[in-house]
1. Give all pairs with beta carbons closer than 7 Å in which a residue from the stretch 26-55 that is closer than 27 Å to residue 188 by Cα and of a type in the set (Ser, Thr, Tyr) meets a residue that is open to solvent by 40 Å² or more (accessible area, probe 1.4 Å) and part of a helix (DSSP H, G or I); count only pairs at least 6 apart in sequence or on separate chains.
2. Here are some conditions: (1) closer than 24 Å to residue 65 by Cα; (2) modelled with pLDDT under 90; (3) not hydrophobic (A, V, I, L, M, F, W, C). Residue 168 meets all but one. Which one does it not meet?
3. Restricting the search to the stretch 96-105, which residues are surrounded by 15 or more Cβ atoms within 10 Å (Cβ to Cβ) and either more than 13 Å from residue 119 (Cβ to Cβ) or among the aliphatic types (A, V, I, L, M) (or both)?
4. Looking at the stretch 2-47, which of its residues are open to solvent by 90 Å² or more (accessible area, probe 1.4 Å), on the phi < 0 side of the Ramachandran plot and in a loop (DSSP other than H, G, I, E, B)?
5. Quick one: in the stretch 48-74, of everything that is small (Gly, Ala, Ser) and in a loop (DSSP other than H, G, I, E, B), which residue is farthest from residue 144 (Cα to Cα)?
6. Going through the stretch 58-78 one residue at a time, which ones are open to solvent by less than 70 Å² (accessible area, probe 1.4 Å) and farther than 20 Å from residue 142 by Cβ?
7. Assess whether residue 166 counts as being free of Cβ contacts under 8 Å to residues at least 24 places away in the same chain and on the phi > 0 side of the Ramachandran plot.
8. If I go through the stretch 107-135 residue by residue, how many of them are modelled with pLDDT under 90, open to solvent by 50 Å² or more (accessible area, probe 1.4 Å) and not in a strand (DSSP E or B)?
Amino acid sequence: FFSQKNFFFLFKTFFSYKKFLGNLFLKLRRSSFTVTSTSEILRTSIRYKNSYYPIMADVEKHAKRIFQNYIVKPFLSLPKHLQPMRSGNAVPQKELKFEAIKTKMTTNSKLSAEADGLNSSIEYVATTNNAYDSTRPRMSLNDEIGKPEIDIVDWWAVHKKCHLEGDELKGKAICGSTANPPNKGGKPYKILYENSKLSTRGDTGFTKSGLY
């Protein structure tokens, strides 16, 4: 309980800081990092308009499982008055899309929306070097990033830009992983971890990686 309470304190403190692109946890197994992080993604997603929330894990099938078990199921268990309008399948398979459903008016053939809707979505993405490149996430979840076969330092160099627009902060990245051996993703993860220490902060106030 206390570790999870401190995790949320960290979210509250760091996620309000403008020189903070996201967190990088070197985590223990069974620390509930995934459950805690997805609860924050879901909580945020039903509160803000025009937002995007990608979920990536060490392999795509794990990202899919995270999406289905820790995003979709908790969302469907919310009281109806807390569920934003959404489109798509009754049980989303790939993307949870919050938008008004278009309906035909009885008086003419024009399409109208029942309401504005949030125009936001949560989806899981493939574990690739350009998983959600060219997007602008409000918040992303990047789970077990110390384990993929891709070089996570190169991967973050691409996706770091997704959370920035020039020097302006546009979104936060939730990153974490247990540590694999050096030849199985551990070596680049250690480099990213070292580049995220407070001691690497420069004149801009950001750490070398932008993560903490």
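The values are calculated or read from the model by the stated rules, or taken from the named source; none is laboratory data. Computed from a prediction, not measured in an experiment: that's the story for all the values here. Glycine also receives a Cβ, built like all others from the backbone with ideal geometry; neighbour counts cover every protein chain displayed. For accessibility, only protein heavy atoms count, side chains too; no ligands or nucleic acids. Shrake-Rupley method; radii C 1.70, N 1.55, O 1.52, S 1.80 Å.
1. Partner pairs satisfying both residue conditions: 31/3; 32/4; 34/70; 36/4; 38/70.
2. Tallying (1) closer than 24 Å to residue 65 by Cα; (2) modelled with pLDDT under 90; (3) not hydrophobic (A, V, I, L, M, F, W, C), residue 168 fails exactly one: (1).
3. Within the stretch 96-105, the first condition is being surrounded by 15 or more Cβ atoms within 10 Å (Cβ to Cβ), and the residues that meet it are 96-100.
Matches in the stretch 96-105: 96, 100.
4. Those that are open to solvent by 90 Å² or more (accessible area, probe 1.4 Å), on the phi < 0 side of the Ramachandran plot and in a loop (DSSP other than H, G, I, E, B): 18, 28, 29, 47.
5. Start the filter on the stretch 48-74 by keeping residues that are small (Gly, Ala, Ser), which leaves 51, 57, 63.
From the residues that got through so far, the ones that are in a loop (DSSP other than H, G, I, E, B) too are 51, 57.
Numbers: 51: 24, 57: 6 Å.
Among them, the one singled out is 51.
6. Quick first cut of the stretch 58-78, residues open to solvent by less than 70 Å² (accessible area, probe 1.4 Å) only: 58-59, 62-63, 66-69, 71-72, 74-76, 78.
Scanning the stretch 58-78 gives 75, 76, 78.
7. On the way: free of Cβ contacts under 8 Å to residues at least 24 places away in the same chain: yes; on the phi > 0 side of the Ramachandran plot: yes.
For residue 166, the condition - free of Cβ contacts under 8 Å to residues at least 24 places away in the same chain and on the phi > 0 side of the Ramachandran plot - is met.
8. So the count comes out to 6.
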